[in-house]
1. Go through A:T131, A:T178 for me and flag whichever is crowded, with 22+ Cβ neighbours inside 10 Å and within 24 Å of A:G260 (Cα to Cα).
2. Please work out which one of (1) at pLDDT 80 or above; (2) open to solvent by less than 60 Å² (accessible area, probe 1.4 Å); (3) assigned to a helix (DSSP H, G or I); (4) not β-branched (V, I, T) is the condition A:M393 fails and give its number.
3. Of all residues in region A:71-104, how many are open to solvent by less than 40 Å² (accessible area, probe 1.4 Å) and away from chain B (no Cβ under 12 Å)?
4. Counting only residues that are touching a residue at least 40 places away in the same chain (Cβ under 8 Å) and closer than 12 Å to A:S334 by Cβ, how many does region A:375-396 have?
5. Within region A:273-285, can one find any residue that is within 21 Å of the chain's Cα centre (by Cα) and either not charged (D, E, K, R) or not assigned by TED's automatic domain parsing to the domain that holds A:A82 (or both)?
6. Taking region A:225-237 on its own, how many of its residues are at the interface with chain B (Cβ under 10 Å from one of its Cβ atoms) and touching a helix residue (DSSP H, G or I) at 6+ places or on another chain (Cβ under 7 Å)?
7. Does at least one position in region B:113-125 carry a residue that is outside any helix (DSSP H, G or I), within 18 Å of B:S40 (Cα to Cα), within 8 Å of chain A (Cβ to nearest Cβ) and out of contact with any Asp or Glu (no Cβ under 7 Å at 6 or more places or on another chain)?
8. Looking only at helices (runs of 4 or more DSSP H) that fall completely inside region A:256-314, which ones have 2 or more residues that are on the phi < 0 side of the Ramachandran plot, touching a helix residue (DSSP H, G or I) at 6+ places or on another chain (Cβ under 6 Å) and open to solvent by 20 Å² or more (accessible area, probe 1.4 Å)?
Amino acid sequence: MIHFHPEKARAFVLDDERAHWHDKALWFMRVKRDRAAATVPEWESLRETAEGIKLHTLSRLADYLEEFERNARANGIQVHWARDGEEHNRIVHGILEKHGVTRMVKSKSMLTEECHLNPYLESRGIEVVDTDLGERIVQLAGEAPSHIVMPAIHRKKEEIGDLFHEKLGTPKGLSDPTILTEKARGHLREKFLRAQAGLTGVNFAIAETGGFVVVTNEGNADMGTTLPPVHIASMGVEKVIPRLADLGVFLRLLARSATGQPVSSYTTHFHAPLPGGELHVVIVDNGRSSMLSEEHRRKALCCIRCGACLNTCPVYRRSGGYSYSYLIPGPIGSVLGPHRDLKGHASLPFASSLCGSCTDVCPVKVDLHHQLLVLRQEAGEQKLVPLGKRVGMKAASFAMARPALFRAAGRFARFVLRVAPGLARVGPGAIWSRGRELPVPPRESFADLYDREEAGKPEGRS
Amino acid sequence: MTARDAILSALRASGASPVPAPRHPVPVRQGDPVARFLESVTSVGGNPRRVPDAAALAAEVARLPAWSFPRRVSLVPGLPGGTVDLAAVADPHELADLDVAAIPGEVGVAENGAVWVTGASLGPHRAVFVIPEHLVLVVRAGDVVNDMQEAYGRITLPRPGYGLFISGPSKTADIEQSLVIGAHGARSCAVFVVG
């Protein structure tokens, strides 16, 4: 197996204090999300509507993209199409080359992470500066984002102070978030002022009006697109929505689900280039059309990248973003990654307790835990599950189909655990007892208890 | 085949059966929108104030600490005190040391404290929304709506080509989720409701 989630998670969980800190930080976001959702009486019907709009759009995606393209062109926006990440990078580089750009600022875009745009441009002599604070922190550290909304959620403030000292020459020992943010503001302000082009992602593209919306809290997308004359926006084909009014539904859900805010600080609608400048939109497929063609995978394309499923996931909270092999971690990444390459990400569908919390918080009602279950079945069929688990599941299935054997095995296990509890901590089963106190096994099973109760009942009662 | 045609035909071949577009839910009204708007502005880190008329607005704005800085832009009709004339600025980079901008909002949103502002007559100076150290936003009480769904009923696009909702000052919580005001854009955001 190329990558195994439990192996990657091991280092993270061994640092008990940090694992708990991470867990609490994410749970805090989940609590904020709950509070924000509760302020909107029509929350559930908004989720249903958002899901409905997305499913409707996906059912006529080509039509809406054409409508978007037509209207965008009429607005003076240049529209490009890219079948894959490489083509996307080539188009972006071509635009930058035409304008002689050597310094570009970028606001958060998971799509450009997916396309590996930064190394592509850097190897061609273009400086790419990520301007979202969290993104800049991980970029300076040479890391990938560990969360799609809060990229540096895994880093402690002291570590960020050390990083800024090393990379930005700030005084040693800074750890106050306000001072660190101020240092980053000064550093990035200079980058904004010197940039010759700005690149952003796209949160929503509107077919009806031929424009698109980018949301940030920091204002970095706005700084990066109002100073340099060239703006490039990269969007996946699934980002289009039919009408301007649909934004009213999505924007009521997005920030509340993501961070518990009633809306992000800046929700910017781009419908024309900066006067005297150029505005380019690159529409990227990169595997999305194939996901669309498979009915049970299609719904994953509804995702609006709020990160709520990460914040609520008991496995993500306790294992960290870097334990996932796909660039988007958490439940949605464990669906998207294996949809692209099941073999390469075969352990991800198992990085879940299938508790369904992800599905419950999703603002567009993606059936995440169902998709994870389906992916597990596919991984099983393709023998992508470790041998130990395959044999174990076969054995369990054999025993469960034979009641007498199942009861005998239960009696044996209760006996062994009572006389020699230490045995549960050795051998292949130890993975479940490591770091846990084992309960004292009961003397009899539920089935024994039930049979005894039934036998003792007077006739006629049931 | 061009990339465009290849992508569109792949999407058309995906066989998704038609799904009708849903109706939007009708939001539940929750109290006086102006009162809620003022509360929401506070909750997103802004400083709200209600004034009866343009004269009171001018007096209140003049008293703001942010308005005492030298490089000021006023785009609000009838609000004096601006020292920088955007029409005389050739390049938006010259706005780098702008201290404060007063901007008229077209719509205020009660549920989240957001104010809709547009770049209708700004030319190349869209940066005026994000580059100043401080922002002053001005909305008429009659332009405050309940929620975002209602707000989109008032907004026209694609003209004027550029518009944004601003909800409070610029902020970040990227370092250990500590809320810090003033990430890249405004460090403070005063919001006036007139009328």
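The values are calculated or read from the model by the stated rules, or taken from the named source; none is laboratory data. Quantities reported herein were computed from a predicted structural model and do not represent experimental measurements. Quick reminder, even Gly has a Cβ in these numbers, built from the backbone with ideal geometry, and neighbours come from all protein chains shown. We work out accessible area using only protein heavy atoms, side chains counted, and drop any ligands, DNA or RNA first. Shrake-Rupley method; radii C 1.70, N 1.55, O 1.52, S 1.80 Å.
1. Among A:T131, A:T178, only A:T131 is crowded, with 22+ Cβ neighbours inside 10 Å and within 24 Å of A:G260 (Cα to Cα).
2. Every condition holds for A:M393 apart from (2).
3. Number of matching residues: 9.
4. 2
5. Looking through region A:273-285, at least one residue is within 21 Å of the chain's Cα centre (by Cα) and either not charged (D, E, K, R) or not assigned by TED's automatic domain parsing to the domain that holds A:A82 (or both).
6. Going residue by residue through region A:225-237, those that are at the interface with chain B (Cβ under 10 Å from one of its Cβ atoms) are A:225-229, A:237.
Still in the list and also touching a helix residue (DSSP H, G or I) at 6+ places or on another chain (Cβ under 7 Å): A:226-227, A:237.
The total comes to 3.
7. Taking region B:113-125 and keeping what is outside any helix (DSSP H, G or I), we get B:113-125.
Add one more test, that the residue is within 18 Å of B:S40 (Cα to Cα), and what stays is B:113-117.
In the following step, the residues that additionally are within 8 Å of chain A (Cβ to nearest Cβ) were identified as B:113-114.
Filter once more, keeping what is out of contact with any Asp or Glu (no Cβ under 7 Å at 6 or more places or on another chain): B:113-114.
Yes, region B:113-125 has at least one match.
8. Numbers: elements: A:288-292, A:295-298, A:308-312.
Qualifying helices (runs of 4 or more DSSP H): A:295-298.
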